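The values are calculated or read from the model by the stated rules, or taken from the named source; none is laboratory data. Bear in mind that the values here come from a model prediction, so they are computed numbers and not experimental data. Every residue, glycine among them, receives a Cβ derived from its backbone with ideal geometry; neighbour counts consider all protein chains shown.
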Amino acid sequence: MIQTAEKKLVIKAIDELGRSVTAADIASKTGLPILFATSELNKVASETNGHLEVSTAGNIAYKFNPGFQTSYLAKGIQLQFEKIGQKIFEIGYLILKASFGIMLLLSFVIVVLLIIAAMFAGKGDRDSDGPGGFDFDFIDLMIFQDLLWWGSFSTYPSYVDYSTPAVVKPRGKGNFLTKCFSFLFGDGDPNAHLEERKWQMVAQAIRSHGGVVTAEQLAPYTGADPTNEDGALPALVRFNGTPEVTDDGHIIYTFPSLQVSASDLNLSGKLPPYLREFRREFSVYDGEELTSVYILSGANLLGGMWLWGQSTQTEHITILNSFHGLICWLVAYGVFFVAVPAVRWLALMAINSKIESRNDKREKNALFLKNPSADLQKKLSQAAQFSASKKLEWKPDTHVVYSTDKDLLEQEFDK
């Protein structure tokens, strides 16, 4: 959120004019062009939770709460800290992710080596009929066969369509390391492009209605309350829209920049009835594909716990007593490696519950629009009529007065 010199002028003018202003008031006070003043008003209102008011004469004004300047500055500082924090989190997350994947393999190797060392030490003790013998009959070392199979690295297809999740199932079997990362940390957020998807759908909805919409028509994609006109402010800011008042006092929103198109494509057929978020999956791999990870993590934990039990024996001294500290670390790591996915699975249940709640809200907004009341039906009809009266069509054979692909003199003769 950048505070330009023009925006500072607008904020100062809003405060000096009593926090209830029109675009014309701002233009007169600051000398800014009326369209620019409208655009800046929309931005400030959206960023400070401003409100729209309609006068008895049908004029639209922007009303701001006392102290809105302070909340604006605070929000700007908060956004900067959030960006910095997000970058630090992303870097730390990548380091943590890599370290746990490597340490899983390293700790497993250490556990196996310690078991082998204890096995040979125990065998020597049995040969000499001395104390400290170990019984390894319950351990089947063949369980680790083919555990570290390395296939070709899985390839994630590039993100093409906003109607599909940002995280998709990789092609091929993948390899153990990628499966280990997926098991421990998941595979990212399938809604990473949610904002892009939302604004893409909002723009298509506006264009499909001829550049004139109501707050109710935007609500299935923005998730805002369809009865609250303030929910349309972010769309006004992003697409340079303007609020208008009908003869009956209804507020509609016009977007001239989205009314003209040089393409004959009809995007309305591709537009879903509402914006749907995708559920967060535990892993892109199914249970069978994660079998090797289950075996390794389980064997690592059980092997570490067995070693810990042997290293705490006091009736005889073994080679494991010398590595008691390392074994304690291995056990703690093994528990943590199993606990992280378990906690993540529980967290995903809560996250998916919230996702479904938001999806239900947007779906209800779509149903509210599909089955409108008499008053809403009249409002939609007026918006459609306004759209028809303001409709702009791009017709190259009649609208083009100059083109860069022809010489200027040639175009003069063509007139």
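Rundown of residues vs (1) modelled with pLDDT of 90 or more; (2) more than 24 Å from His51 (Cβ to Cβ); (3) surrounded by 15 or more Cβ atoms within 10 Å (Cβ to Cβ); (4) not basic (Lys, Arg), yes/no style:
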| site | (1), (2), (3), (4) |
| --- | --- |
| Val237 | no, no, yes, yes |
| Thr242 | no, no, yes, yes |
| Asp248 | no, no, no, yes |
| Ser257 | no, yes, no, yes |
| Ser263 | no, yes, no, yes |
| Asn266 | no, yes, no, yes |
| Ser283 | yes, yes, yes, yes |
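Might you let me know whether the range 345-365 holds any residue that is more than 30 Å from Leu105 (Cβ to Cβ), hydrophobic (A, V, I, L, M, F, W, C) and at pLDDT 90 or above? The answer is yes, given that some residue of the range 345-365 is more than 30 Å from Leu105 (Cβ to Cβ), hydrophobic (A, V, I, L, M, F, W, C) and at pLDDT 90 or above.
Candidates are the residues of the range 1-45 that are of a type in the set (Lys, Arg) and either more than 32 Å from the chain's Cα centre (by Cα) or not in a helix (DSSP H, G or I) (or both); the one that is surrounded by the fewest Cβ atoms within 10 Å (Cβ to Cβ) is Lys12. Tell me, please, whether a residue that is under 30 Å from Ile251 (Cα atoms) and either within 19 Å of the chain's Cα centre (by Cα) or exposed (fewer than 11 other Cβ atoms within 10 Å of the Cβ) (or both) can be found in the range 341-358. Taking every residue of the range 341-358 in turn, at least one turns out to be under 30 Å from Ile251 (Cα atoms) and either within 19 Å of the chain's Cα centre (by Cα) or exposed (fewer than 11 other Cβ atoms within 10 Å of the Cβ) (or both).
The single condition among (1) out of contact with any Ser or Thr (no Cβ under 7 Å at 6 or more places or on another chain); (2) crowded, with 20+ Cβ neighbours inside 10 Å; (3) at pLDDT below 85 that Leu320 does not satisfy is (1).
Pairs meeting the criteria (first residue in the range 264-289 and within 27 Å of Trp199 (Cα to Cα), second residue modelled with pLDDT of 80 or more and aromatic (Phe, Trp, Tyr), beta carbons under 6 Å, at least 6 apart or on different chains) are Leu275/Tyr221.
Looking for something buried (at least 20 other Cβ atoms within 10 Å of the Cβ), of a type in the set (Gly, Ala, Ser) and modelled with pLDDT of 90 or more - is there at least one such residue anywhere in the range 191-210? Checked against the condition, which is being buried (at least 20 other Cβ atoms within 10 Å of the Cβ), of a type in the set (Gly, Ala, Ser) and modelled with pLDDT of 90 or more, the range 191-210 yields at least one hit. Scanning the range 359-378 for residues that are surrounded by 14 or more Cβ atoms within 10 Å (Cβ to Cβ) and within 20 Å of Glu281 (Cβ to Cβ) turns up just one, Asn359. You will find that of Phe89, Phe64, Phe108, the residue that is more than 30 Å from Ser182 (Cα to Cα) and either assigned by TED's automatic domain parsing to the domain that holds Thr22 or modelled with pLDDT of 80 or more (or both) is Phe64 and no other.
Out of the range 67-86, which residues are of a type outside the set (Lys, Arg), in a helix (DSSP H, G or I) and either in contact with a Ser or Thr (Cβ under 6 Å, 6 or more places away or on another chain) or modelled with pLDDT of 70 or more (or both)?
If the condition is that a residue be of a type outside the set (Lys, Arg), in a helix (DSSP H, G or I) and either in contact with a Ser or Thr (Cβ under 6 Å, 6 or more places away or on another chain) or modelled with pLDDT of 70 or more (or both), then Phe68, Gln69, Thr70, Ser71, Tyr72, Gln80, Phe81, Glu82, Ile84, Gly85, Gln86 are the ones that fit.
Filtered by the rule that a residue be assigned to a helix (DSSP H, G or I) and either in contact with a Leu (Cβ under 9 Å, 6 or more places away or on another chain) or within 11 Å of Ala205 (Cα to Cα) (or both), the range 267-297 gives Leu267, Ser268, Gly269, Lys270, Ser292, Val293, Ile295, Leu296, Ser297. Just one of (1) under 23 Å from the mean Cα position of the chain (by Cα); (2) under 17 Å from Gln377 (Cβ atoms); (3) in a loop (DSSP other than H, G, I, E, B) fails for Ala219. It is (3). Pairs are defined by a Cβ separation below 9 Å, a sequence spacing of at least 6 or placement on different chains, a first member in the range 348-370 that is closer than 20 Å to Asp187 by Cβ and in the same structural domain as Ala205 (by TED's automatic domain parsing), and a second member that is modelled with pLDDT of 95 or more and in a helix (DSSP H, G or I); no pair meets this definition. Determine whether Tyr253 is modelled with pLDDT of 85 or more, surrounded by 15 or more Cβ atoms within 10 Å (Cβ to Cβ), in contact with a helix residue (DSSP H, G or I) (Cβ under 6 Å, 6 or more places away or on another chain) and closer than 16 Å to Gln217 by Cα. Spelling it out, Tyr253 is indeed modelled with pLDDT of 85 or more, surrounded by 15 or more Cβ atoms within 10 Å (Cβ to Cβ), in contact with a helix residue (DSSP H, G or I) (Cβ under 6 Å, 6 or more places away or on another chain) and closer than 16 Å to Gln217 by Cα.
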